[in-house]
Amino acid sequence: MDAVKSIKLQDKSEKTIARKIKWKKRLIPFGFLSPVLVIFSLFMFIPVVFALYMSFHQWGMIGNPEFVGIENYVRLLQDPLFWISVKNTIIFSLSVPFKVGIALFIAVLLNQKIKGLAFFRAAFFFPVVLSMVVVGLIWQWMFSPSYGFVNFMLEKLGLPLQSMLIDSKQAMIVLIIVSIWKGLGSNLLLFLAGLQSIPRSVYEAAEIDGANSWQKFWHITVPLLKPTTLFVLIITLIGSFKIFDLAYVITGGGPGTSTMVLVHYIYQEAFQRFNMGYASAAAYVFFIILFILTLIQMRMFKSDAS
């Protein structure tokens, strides 16, 4: 009997040890992830939850927040400047197809066997690593109506000078041009990765069947590249809606309110007028707009990308 009891105790202890080892193996990854999780909670999750809480309060960063319910949201929807910023953001985001299309076109060219390929890839990617503020200052000088390089070249060519940054109709076009130049490299890199994942044998089979370059691009490259295209479209659209640095540095939201974008509007309400609750409500409306647009894009590409 003693032997049986000792065997049972040994089995029980072994099971306990095995269970402890199993739990340790499960907890070890969380131990390695804990620094990231702590940082994410402190600088992402907690501020997001706090912003939602503040969107139902009125607070000027001094004193105690005052609960106002949905008053901030009602006031936001009745604010003409908010709708102007939404309209300007949508106009700016209409450049997304051009950003994606140009990146895809250049990626197809750079995917060929040409001389100096590494140089061209580095040259197109170089603007991505530059600070947005530096880019804004450089292009502000380039498009300056009085001493800018663009007007200097137009004058040398005998063409009429342009107002650009002080013209409400041209200022948004300037921002779009600069944003295309700045973000081209990252989209280009993603498309290159997608193109290189397409098997060469598929193109060779199409060549045997007599397909020309356009047919190979339209019937092979485009369909097989749709998952990459969906990803590029989503991140480019989100990036276009988050535009702030360029507009703030180059035009400051002007002339007038012609380049006042949504993030700039939120920034003004939060850090210039100190309406933190109202700015939080605007930020959550901004999030809802982005979420809906992302769902629409995913639904449009769902059948093709799956």
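The values are calculated or read from the model by the stated rules, or taken from the named source; none is laboratory data. Every value quoted in this text rests on a predicted model; they were computed, and no experiment measured them. Please note: Cβ atoms are built from the backbone with ideal geometry, for glycine as well, and neighbour counts cover all protein chains shown.
Remarks
- Matching residues in region 151-173 - criterion: being more than 22 Å from Tyr248 (Cα to Cα) and either touching a residue at least 24 places away in the same chain (Cβ under 8 Å) or exposed (fewer than 14 other Cβ atoms within 10 Å of the Cβ) (or both): Phe152, Met153, Glu155, Lys156, Leu157, Gly158, Leu159, Pro160, Leu161
- Among the criteria (1) without any contact (Cβ under 8 Å) to a residue 60 or more places away in the chain; (2) more than 17 Å from the chain's Cα centre (by Cα); (3) assigned to a helix (DSSP H, G or I), the one Asn64 does not fulfil is (3).
- Among the residues of region 145-186, those that are hydroxyl-bearing (Ser, Thr, Tyr) and in a loop (DSSP other than H, G, I, E, B) comprise Ser146, Tyr147, Ser163, Ser168.
- Considering only residues in region 170-187 that are under 13 Å from Trp139 (Cα atoms) and of a type outside the set (A, V, I, L, M), the one that is farthest from the chain's Cα centre (by Cα) turns out to be Trp181.
- Restricting region 245-268 to residues that are buried (at least 16 other Cβ atoms within 10 Å of the Cβ) and not in a helix (DSSP H, G or I) leaves a set whose member that is nearest to the chain's Cα centre (by Cα) is Val261.
- Some residue of region 223-234 being assigned by TED's automatic domain parsing to the domain that holds Ile177, surrounded by fewer than 20 Cβ atoms within 10 Å (Cβ to Cβ) and farther than 24 Å from Lys99 by Cβ: no
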